[in-house]
Every structure is written in structure tokens, then in C-alpha cells.
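The values are calculated or read from the model by the stated rules, or taken from the named source; none is laboratory data. The structure presented is a predicted model; accordingly, all values stated were derived computationally and were not measured. With ideal geometry, Cβ positions are generated from the backbone for all residues, glycine too; neighbour counts draw on all protein chains shown.
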Amino acid sequence: MPDDSNLVLKAPPLQAESPPIVLASRSAARRSLLESAGLRVTCQAADVDEHAIRHHGRARGLDADQTALELARAKARAIGGSPGAVVIGADQMLSCQGRWFDKPETVAQARDHLRALRGRSHTLHTAVVLVHEGCEIWRHVARPVLHMRAFSDSFMEGYLAAEGDEILSCVGCYRLEGPGIQLFSRIEGDYAAILGLPLLPLLEALRARHIILQ
């Protein structure tokens, strides 16, 4: 019998052969967004002290946008990567009525965060930077707004039980691609940015630099 595998035509790559792209994150959501868009990426977690960067940002009087950029920049620069690689750094800040929210450290803290956000609107400040050979070559901040509904205590307890420790890795205590979508009555802005990466502006920046095909 003929080998059917020889009949399968591979699609041409959607990005240039070089430079390689490195994502300075182990975020499954960010990686999925890039790979679903047809990009080949290497993922490497950045070893940075996020708490110290946020604290330093507050001390310097930076706003949430600027602090999110500081976090994204630090992550990208912390990655050595392949020689000549373009490194993507991304991070998020959450602000609600002037208060910044970090990732919860415990389920009890997550409960407190949800109570504070319940029935209110908040902004995700989602920053992304491109770094090439140690130099920042592009940056962007998206600001989707999410309207959290006034859910009941019983719903909140069921949600916390269903999500478990998963929410400890999420600013705002939700994964919009999971049960966290039920927390909201309305969202405004870029869905990909809510997941952690403003994808369309990033793709445009990569095209403008001939890293992916025009």
C-alpha cells in the first residue's frame, strides 16, 4: 500500500527562520495563544522577584501601567535565550478603585479578593515587551475592563472549591478560559489580553520587524 504520509503537504512556516522567539513565561495560556496563532516559541520561566518590583514601583510613584511594563521588561531581560533571540516578556496588574491586587497566596486570601471585587468593575493592565540582545525594541499595554457580577456567597464557595489551588496563580483569582468566566456579567476589550497577552498588537510588532511573515 502507498505511504499516505507522503501525500500530506506541510504548510509553509508563518515566521522567519530566524531570529527564534522565546516566551519568558511558563504560562500555559500565553503559550497556547502564540502556538494557536501558528508561531514556534520556546518557553522559559524568568526568575524575578515580582513582589519587589511592584513594591519598588509604588515607591517610585509609578502607575499600574508602568509597573506592569516594569514586570514584563524584567522578565524578558532575565532570559538569556538563544543568541539573537527575540524575547517576549508579559505581565499583568489589576486595579480596582485605586487598589492594586496581586496574586493571592492562599485560598483564604483569594476569598477576600473576590469579596472586594464582587459587584465592581476592574481593569487589567496587561503589558508586553520585546527584547532583542538585551535592548527593549517594543512595548505595549492593553487595558481590558471586566465587570464582576454580584454573585452569592454560596456560588463563591462552590467556585473556590472547584478551582482549588489553580486560582493562586491568577491575578484576580480567575481563569477566564475556565469556570472564572461565570464571575462576570460583561467584559470590555481584548480577550487575549485578559488571558495574559495582547496578541494582535504583538503580532503586528513581530510583522513590522520581519520576525513573522507579512
Inset, instruction - Report yes if some residue within segment 135-157 is over 19 Å from ARG30 (Cα atoms), of a type in the set (S, T, N, Q) and crowded, with 16+ Cβ neighbours inside 10 Å; otherwise report no. - result: no
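Can you tell me how many residues in segment 97-108 are of a type outside the set (Asp, Glu) and in contact with a Lys or Arg (Cβ under 9 Å, 6 or more places away or on another chain)? Write out each step before concluding.
Step one: list which residues in segment 97-108 are of a type outside the set (Asp, Glu), which gives 97-101, 103-104, 106-108.
Filter once more, so that each one left must be in contact with a Lys or Arg (Cβ under 9 Å, 6 or more places away or on another chain): 97, 100, 104.
Count: 3.
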Inset, instruction - Give the residue that is nearest to ALA76 (Cα to Cα), with candidates limited to residues of segment 173-214 that are of a type in the set (D, E, K, R) and outside any helix (DSSP H, G or I). - result: ARG209
Inset, instruction - Would you point out the residue of segment 169-198, among those that are out of contact with any His (no Cβ under 9 Å at 6 or more places or on another chain) and acidic (Asp, Glu), that is nearest to THR126 (Cα to Cα)? - result: ASP190
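Among the listed residues ARG115, ARG120, identify the single one that is of a type in the set (Lys, Arg), surrounded by fewer than 21 Cβ atoms within 10 Å (Cβ to Cβ) and under 22 Å from LEU195 (Cβ atoms).
Working: ARG115 fails: under 22 Å from LEU195 (Cβ atoms).
Just a single option satisfies the conditions, and that option is ARG120.
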Inset, instruction - Enumerate the pairs (first residue in segment 92-118 and closer than 16 Å to HIS51 by Cα and touching a residue at least 40 places away in the same chain (Cβ under 8 Å); second residue anywhere and charged (D, E, K, R) and crowded, with 18+ Cβ neighbours inside 10 Å) with beta-carbon separation below 7 Å, excluding pairs fewer than 6 apart on the same chain, so at least 6 apart or on different chains. - result: ASP102/ARG54
Legend entry - Out of ASP47, ASP91, sole residue that is among the charged types (D, E, K, R), surrounded by 20 or more Cβ atoms within 10 Å (Cβ to Cβ) and modelled with pLDDT of 85 or more: ASP91
Legend entry - Failed criterion for ALA78 (all others in (1) at negative phi; (2) surrounded by fewer than 18 Cβ atoms within 10 Å (Cβ to Cβ); (3) touching a His at 6+ places or on another chain (Cβ under 8 Å) hold): (3)
